[in-house]
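Just so it is clear, none of the values below were taken in a lab; they were calculated from the coordinates. Remember, it's a predicted structure, so these values are computed and weren't measured experimentally. Please note: Cβ atoms are built from the backbone with ideal geometry, for glycine as well, and neighbour counts cover all protein chains shown.
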Amino acid sequence: MLTGKTAIITGGTRGIGLAVAKTYLDNGANVAIAGSRQETVEKALAGLTRYEGRVMGIWPDLCDPASVAEAFASVRAKFGSIDILANNAGVSSRTSLYDYTLEEFSKIMDVNVKAVFVCSQAAARIMKEQGGGVIINTSSMVAEYGQPSGCGYPTSKFAVNGLTRSLARELAKDNIRVNAVAPGVTRTDMVAALPQELVDRISAGIPLGRVGEPQDIANAYLYLASDLASYVTGVTLRVDGAAMT
Ligand code: NAD
């Protein structure tokens, strides 16, 4: 479904981002995994040797426009284009408002919002020149409901929805589609660390009866990146088993 396309996936070293990377590679794309550190990027690449020649790693500071522009230029130099940007890197926290420091709030907004702005701007400049492209952001089910602690995380994901809708309207004229995926509780490292009893309780409260797997989310990323979604832009697609909290 993506043969001949090149995708950059931020936070592609593990969890949902790594599942998106593998799914894109399995569907013929060239992939650049963007991580925060060279060491974790190289560890992820070591598990992707069967795709040799179609996968590379970058580790720019996602909040620094110059660093991102340089890294994206290196991807374009290797593969010839940048057709898909998956803004997936994210951090969360459950800190109470009473204990929340300004530093913690700023860090969440930097990784979850500012980096999406910086990477989207760098990619859009290239996509516009090429005649089009696709940007997919990672929202969350909490951008619908909020959450009872850790206010910075839902705040950041509401902002991601706003960026998605606004950039979709602004970039449509340049043939760039912008959408978001809003995962529910998904079995990444964070969820794997929870006691099984708690995972069972969470699962029982989800109408589809289970937490999501990274592949469930990656499938939505594949659809939105592909030509099957050629008339879909400005949408936040919920992939949460109809969870309501
Ligand atoms: P994860 O912690 O397994 O992966 C997060 C990724 O982001 C990692 O690759 C990490 O290296 C990267 N990252 C974090 N800070 C970074 C930085 N400063 N620079 C570059 N990369 C950075 O988490 P995940 O569950 O796979 O989450 C992926 C996305 O999905 C996040 O945006 C998260 O908010 C969102 N999400 C996850 C869930 C869930 O239940 N797992 C639910 C809703 C939304």
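Structure notes:
- Per-residue [θ]222 nm for the chain (sum of -39500 (n - 2.57) over DSSP H runs n ≥ 4, rounded to 500): -13500 deg cm²/dmol
- Centroid-to-centroid, using Cα positions, the range 211-243 and the range 180-198 are 17 Å apart.
- Residue order for M1, M56, fewest other beta carbons within 10 angstrom first, comes to M1, M56.
- Seen against the Cα atoms of the chain and their longest principal axis, helix 65-79 is set at about 60 degrees.
- Under-27-angstrom lysine pairs by C-alpha in the chain, whenever the two are 8 or more apart or on separate chains: 23
- Counted residue by residue at 0.36 nm each, then reduced by the alpha carbon distance between them, the extension gain from D200 to T3 reaches 67.0 nm.
- Within the listed set K43, K114, K157, the residue fluctuating most in the Gaussian network model of the chain (springs between alpha-carbon atoms under 10 angstrom) is K43.
- Derived scalar couplings between HN and Hα for the range 152-169 equal x, 5, x, 4, 5, 6, 4, 5, 4, 4, x, 4, 4, 5, 5, 5, 4, 6 Hz in order, rounded to whole Hz, by the Karplus curve 6.51 cos²θ - 1.76 cosθ + 1.60 (θ = phi - 60°), x for Gly and Pro.
- As a proxy for reagent exposure, Y231, Y24, Y51, Y153 were ordered by neighbouring Cβ count within 10 angstrom, fewest first; the result is Y231, Y51, Y153, Y24.
- Note on the chain: with a GNM built from Cα contacts shorter than 10 Å, the maximum mean-square fluctuation among A218, A229, A73 falls on A229.
- Label point distance in nm, S166-S149, each placed 7 Å from Cα along Cα→Cβ: 3.2
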